[in-house]
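Visitor: Once you've had a glance at the structure underneath, I'll fire off some questions.
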Amino acid sequence: MSISIAVNQVSKSFGKKMVLNKIDLNIEEGQIYGFIGPSGAGKTTLVKMIVGMDRPDAGTIHVLNKQIPNLELLQEIGYMSQSDALYMELTGEENLKFFAALYKLSKTEQKKRITYSADLVNLTNELKMRVSTYSGGMKRRLSLAIALIQNPKILILDEPTVGIDPELRLGIWNELLRLKKEEGKTIIVTTHVMDEAEKCDYIAMVRDGSILTRGTPKELKDLFNAENLDEVFLKAGRGNE
Amino acid sequence: MRTLALIKRICLEMVRDKRTLALLFIAPLLILSLMYLLFNGESADPKLGVVNVDSDLVGKLEQGNINVKQYEKATNETIVEESLDGLLIMEDESFELTLQNSDPSIAKSLQMKVNQVIASHVPLKRMGNPTAPVDFSNNSMETNYVYGSSETVFFDVLSPILIGFFVFFFVFLISGIGLLKERTSGTLERLMSTPIRRGEIVTAYLVGYGIFAVIQTVIVVVYSISALDIVLVGSLWNVIFINLLLALVALSLGTLLSTFAASEFQMVQFIPIVVIPQIFFAGIIPLEGMAGWLQAIGKIMPVYYATDALKGVMYKGLSLSDISSDILALIVFALVFIALNLFALKKYRKL
């Protein structure tokens, strides 16, 4: 399998605080890759740099063999940020349409993708409502639908399931698994929920700007002789100190 | 096409926000009308108390729009108690005028009127006296005006300044807060994760808010000319053109300064620093009388050039070529601010 995302010796600090310290990562095509770690670990900074919205102080990032930042590449990356960056005065449909236009989708394609992504996140009936009337979960779902709008090869989702009820969470995860399996998409997910981490093909545990340990969920549990990933995380953390 | 999508979105958001629309389109009209009424109001006739003044002179004072009240005896206390603007006492053929002077402008005008009436009155009584001063009072002097006419009021000179200032102020505030909202809500960052270019964002913002600035300018100018009857000697198109340039400057300055604001509240804090000082240099106070370094400050204010051009066109009837240096200055301001905007967005992404 080919490498979809390659992160090479990336460091970043804000002022004096070191947020990321010489991160190396290779993400294969068609994988669900999870960044697991407490808030403030540097997960968001890392995914933002992969999208090209933040510049590393040192090191390079390649996505689909092209160096970041690269404008054309953004066409292939669907990004969902941690905060819901939505236009509150507009309806859900207008939000989707706006982003679809930014990705230069044709009119027919726009319609198809809006129907598909709205259906995926169960928002079809609420599309005509203004986003300001949406609940927190609905806004989260709309953000996810926007990330999918241009049918990108790579999905980067920053805490996608926060504030979403368990049933829909399961539905979204099933869809992510399907996108991976049937469409061969590469998906990066950040989360601090360990049962979601179990569903990833490969996980990297991030803390204080470094990767504590990485591997498939099974490998990690075997390696640390742990029953679940929570335990792995605690043990990996201790081993580092 | 991305620019077009962004412009469409900005317009849609603006149209949904009825209050901001009202602020943009109706507030300037309200303030202009209020200023018009305030500055065009006839001042009330001053109240003058007189003691020992012959009825002939009283009649003349009354003809001169002075409210005369006669007293047997009066002192300074009378002025205060009766709230008179002045007191005229005649003793031994000489006049003594006491002014209340709580409002110097009223006092000055009363003093002038009384002086005029007495000057015209006294020589009449001394007819035949060769040393009597020449009588100027019977409109023997003809007055001509280079600009405007005897009907010109202060508001006619003030209105071009006000029009320019409103366009600047409201466009500055609304475009600045517009881009700020985009920043604080995270949507600007979200935009930066799409293949849009920084130039496309800046262009869309200029055009999107520019559309509303055009509508505002047309409404304000047409209203002032038709409803408030403001003097417009030059071409209406030139007035609109100057205001458009000023709106462009305000737009680019507003979006630029929003970079340095973390919240709407901080954006409002720019008003006393950036907007209010421009009023002082807009021509309400003549720039010529200022100290050299103050004049230099005035010359880095975009509103100074715009109001100078507007006064030129509206009041003096100048053509665009007469005010080309003002126009050029505005264009330079806009270009510099737009370039800085592009640079400021680099914080988000290099491309």
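Visitor: For a quick check, take a GNM of chain B with Cα springs below 10 Å and name the residue from B:275, B:68, B:15 with the largest mean-square fluctuation.
Guide: Of B:275, B:68, B:15, the most mobile in the Gaussian network model is B:68.
Visitor: So what's the back-of-envelope 222 nm ellipticity for chain A, counting only DSSP H runs of four-plus at -39500 (n - 2.57) apiece and dividing by all residues, rounded to 500? The partial results should precede the final answer.
Guide: Details: 8 runs with 89 residues, N = 241.
Taken over chain A, the calculation gives -11000 deg cm²/dmol.
Visitor: According to the square roots a ≥ b ≥ c of the eigenvalues of the Cα gyration tensor, what is the shape class of the range B:225-337, taking rounded for a/c under 1.5, prolate for a/b larger than b/c otherwise, and oblate for the remainder?
Guide: Numbers: a/c = 1.79, a/b = 1.48, b/c = 1.21.
Prolate shape, in that a/c is at least 1.5 and a/b is the bigger ratio.
Visitor: Using Cα springs under 10 Å in a Gaussian network model of chain B, which residue among B:45, B:322, B:308 shows the largest mean-square fluctuation?
Guide: Maximum fluctuation in the GNM of chain B, among the listed residues, is at B:45.
Visitor: Right, another one. Can you grab the distance from the C-alpha centre of the range B:80-118 to the C-alpha centre of the range B:157-231, Å, no decimals?
Guide: Value for the Cα centre distance between the two parts: 51 Å.
Visitor: Please give every one of the lysines within straight-line cross-link reach of residue B:69, meaning a C-alpha to C-alpha distance under 21 Å, and leave out same-chain neighbours fewer than 8 residues apart.
Guide: Within reach: B:47, B:60, B:108, B:113.
Visitor: What is the helix-to-structure angle for A:136-148, meaning the angle in degrees between its Cα long axis and the longest Cα principal axis of chain A, kept from 0 to 90 and rounded to the nearest 10?
Guide: The angle comes out at about 90 degrees.
Visitor: If each residue's Cβ is checked for other Cβ atoms within 10 Å, how do A:182, A:231, A:76, A:196 rank with the fewest at the top?
Guide: Details: A:182 8, A:231 15, A:76 18, A:196 23.
With the sparsest Cβ surroundings first, the list reads A:182, A:231, A:76, A:196.
Visitor: Also, I was wondering about something else. Pick out which of B:117, B:157, B:274 has the largest mean-square fluctuation in a Gaussian network model of chain B, springs linking Cα atoms closer than 10 Å.
Guide: It is B:117.
Visitor: Each residue of the range B:246-262 in order: what ³J(HN,Hα) in whole Hz does its phi give by Karplus 6.51 cos²θ - 1.76 cosθ + 1.60, θ = phi - 60°, with x for Gly and Pro?
Guide: 5, 4, 5, 4, 4, 4, 5, 5, x, 5, 5, 5, 5, 4, 9, 10, 9
Visitor: I've got another one for you. For residue A:207, what residues show an amide H to amide H distance below 5 Å, using hydrogens built from the backbone and excluding near sequence neighbours?
Guide: A:212
Visitor: Still on this structure: At R0 = 51 Å, how high is the FRET efficiency between residue B:300 and residue A:9 if r is their beta carbon distance? Nearest 0.05 is fine.
Guide: It comes out at approximately 0.60.
Visitor: Rounded to the nearest Å, what's the spacing between the alpha carbon centres of the range A:184-209 and the range A:121-142? Just the number, please.
Guide: Between the Cα centres of the range A:184-209 and the range A:121-142 lies a distance of 26 Å.
Visitor: Give the Rg (one decimal place) followed by the Dmax (whole number) of chain B, computed from C-alpha coordinates and expressed in Å.
Guide: Calculated on Cα positions, Rg and Dmax stand at 28.0, 96 Å.
Visitor: Anything over 30 Å Cα to Cα? Flag those among A:104/A:218; A:12/B:8; A:112/A:139; A:22/A:153, in the order listed.
Guide: Over 30 Å apart, Cα to Cα: A:104/A:218; A:12/B:8.
Visitor: If only Cα atoms are counted, what is the Rg of the range A:1-89, and what is its Dmax, in Å?
Guide: 13.6, 44
Visitor: Moving to a separate point now. Report the Cα centroid-to-centroid distance between the range B:251-275 and the range A:7-71 in angstrom, as an integer.
Guide: 33
Visitor: Residues of the range B:218-234 with amide nitrogen under 19 Å from the 7 Å Cα-to-Cβ point of residue B:149?
Guide: The answer is B:225-234.
Visitor: Additional query: Please arrange A:238, A:130 by how many other C-beta atoms lie within 10 Å of their C-beta, fewest to most. Don't skip to the answer; put the middle values down first.
Guide: Numbers: A:238 10, A:130 16.
Lowest to highest Cβ neighbour count: A:238, A:130.
Visitor: How big is the antiparallel share of DSSP beta bridges in chain B, given as a percent to the nearest 5?
Guide: Values: 6 of 15 bridges.
Of all bridge pairs located within chain B, approximately 40 percent are antiparallel.
Visitor: Among A:173, B:237, rank each residue by its count of other Cβ atoms within 10 Å, from fewest to most, as a rough exposure measure.
Guide: Values: A:173 17, B:237 10.
Listing A:173, B:237 from fewest to most nearby Cβ atoms yields B:237, A:173.
Visitor: Non-local amide H neighbours of residue A:202 (under 5 Å, H modeled in plane, Pro and chain starts lacking H): which ones?
Guide: A:32, A:34
Visitor: Among DSSP bridges having both ends in chain A, what percentage is antiparallel? Round to the nearest 5.
Guide: Values: 21 of 39 bridges.
Close to 55 percent.
Visitor: Set the Förster distance to 51 Å, then compute FRET efficiency between residue A:234 and residue B:31 from the Cβ-Cβ distance, nearest 0.05. It would help to have the intermediate numbers written out before the result.
Guide: Details: r = 65 Å, r/R0 = 1.27.
According to the calculation, E is roughly 0.20.
Rule-based calculations on the coordinates, nothing more; no lab input. Treat the numbers as computed from the prediction; the structure is a model and nothing was measured. Backbone-built Cβ (ideal geometry, glycine too); neighbour counts: all protein chains shown.
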